[in-house]
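A.B. asks: Here it is, the structure in full.
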Amino acid sequence: MIKSMTGYGRAVGVFSDKQVTVEVRSVNNRYLDCAVKLPRLYVFCEDAVKQAVKQFVTRGKVDVFVTVNLTLSTDVRIALNRPVLEGYLSALRAIAEGYPVRDDVSVSTLSRLPDVFTVEKNEQDEELLKQQLLGVVGEALQGYDAMRRTEGEALARDLTAKAQGILEKVTLVEERSPRSVAEYREKLFAKMQEVLSSASVDEARILTEAAIFADKVAVDEETVRLRSHLDQLRDMLSADEPIGRKLDFLMQEINRETNTIGSKCSDLEIARTVVDMKAELEKIREQIQNIE
């Protein structure tokens, strides 16, 4: 079943020390454009996340947002830099012993001195972090893909109905075209009678002119090709693969045949039918812009 290029998915993973939330959303785009926004902890996973997205998407502008809430303070550790602290204490004692100043050294004073403390990052198992993240990404992508399929099914139903409506209009053109030739022949006969003021009109000449007219306005080839293209459109809508680009090309062919019919026919009824067909084709063209 076809898929829409518009979708949204969200998943949350809770682990021993953190909660990971992944959101995936996309809009129409001619090609695949994937942007991943990761917190510092997961920056190294960007390529892996993009590869996961490519398993589900071939076209569209896809944004992946990852947020992390730490539930335990395990990300960093504050440590006392003893050699530096002892150096400060030794220097401060020397000042107190050698100069007439008050010895007021306190913990508060020492804590404000540079490099007394070191900030150590806890070692993280990157492979474990990546697997945890990709698990949540996979869940979000499943929900995102399900939404795209649902919208795709709605698009397919709508496009199938519109294609059927165009097919009915093609039938009207096929039925009307021979009648327009007959009407032209009758009008031509009446006109020649009026101009010649005679009841004896050259039937051979009438038939020749009617044949020339019929050849000029014949749309049999165009309607046959239109039917074939519309059958192909219905088949493509039931395909289980990306068809957006193929539909673009197919719509160009359908428009070409419709325009040719419109340029050939001078019959008012056929002209109105062609206008209706073009209106429906424009609606289809707009709809398929959202198909992957």
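A.B. asks: Out of ALA140, ALA94, report the one residue that is modelled with pLDDT under 90 and outside the structural domain of LEU226 (by TED's automatic domain parsing).
C.D. replies: Numbers: ALA140 fails: modelled with pLDDT under 90.
The conditions single out ALA94.
A.B. asks: Please work out if GLN193 is exposed (fewer than 15 other Cβ atoms within 10 Å of the Cβ) and either modelled with pLDDT under 90 or of a type in the set (Phe, Trp, Tyr) (or both).
C.D. replies: Working: exposed (fewer than 15 other Cβ atoms within 10 Å of the Cβ): yes; either modelled with pLDDT under 90 or of a type in the set (Phe, Trp, Tyr) (or both): yes.
The answer is yes for GLN193.
A.B. asks: Can you work out which of the residues in segment 1-52 that are among the aromatic types (Phe, Trp, Tyr) and part of a helix (DSSP H, G or I) is farthest from GLN142 (Cα to Cα)?
C.D. replies: Going residue by residue through segment 1-52, those that are among the aromatic types (Phe, Trp, Tyr) are 8, 15, 31, 42, 44.
Restricting the remaining residues to those that are part of a helix (DSSP H, G or I) gives 42, 44.
On the way: TYR42: 21, PHE44: 23 Å.
So the residue we want is PHE44.
A.B. asks: Going through segment 244-292 one residue at a time, which ones are touching a Lys or Arg at 6+ places or on another chain (Cβ under 8 Å), surrounded by fewer than 21 Cβ atoms within 10 Å (Cβ to Cβ) and not in a helix (DSSP H, G or I)?
C.D. replies: ASP267 - this is the single residue of segment 244-292 that is touching a Lys or Arg at 6+ places or on another chain (Cβ under 8 Å), surrounded by fewer than 21 Cβ atoms within 10 Å (Cβ to Cβ) and not in a helix (DSSP H, G or I).
A.B. asks: Suppose we filter ASP202, ASP115 for residues that are at pLDDT below 95 and at positive phi; which single one remains? Reasoning before the result, please.
C.D. replies: Details: ASP202 fails: at positive phi.
When all the criteria are applied, what remains is ASP115.
A.B. asks: Might you check whether a residue that is touching a strand residue (DSSP E or B) at 6+ places or on another chain (Cβ under 7 Å), within 25 Å of GLY244 (Cβ to Cβ) and acidic (Asp, Glu) occurs anywhere in segment 36-58?
C.D. replies: Checked against the condition, which is being touching a strand residue (DSSP E or B) at 6+ places or on another chain (Cβ under 7 Å), within 25 Å of GLY244 (Cβ to Cβ) and acidic (Asp, Glu), segment 36-58 yields no hits at all.
A.B. asks: If you scan segment 53-90, which residues turn out to be part of a helix (DSSP H, G or I) and surrounded by 11 or more Cβ atoms within 10 Å (Cβ to Cβ)? Give the derivation first.
C.D. replies: So in segment 53-90, the residues part of a helix (DSSP H, G or I) come out as 53-54, 82-90.
Across segment 53-90, the qualifying residues are VAL53, LYS54, VAL84, LEU85, GLY87, TYR88, LEU89.
The values are calculated or read from the model by the stated rules, or taken from the named source; none is laboratory data. Model, not experiment: these values are computed from the prediction. Neighbour counts are summed over all protein chains in view; Cβ atoms, including those assigned to glycine, are modelled from backbone coordinates with ideal geometry.
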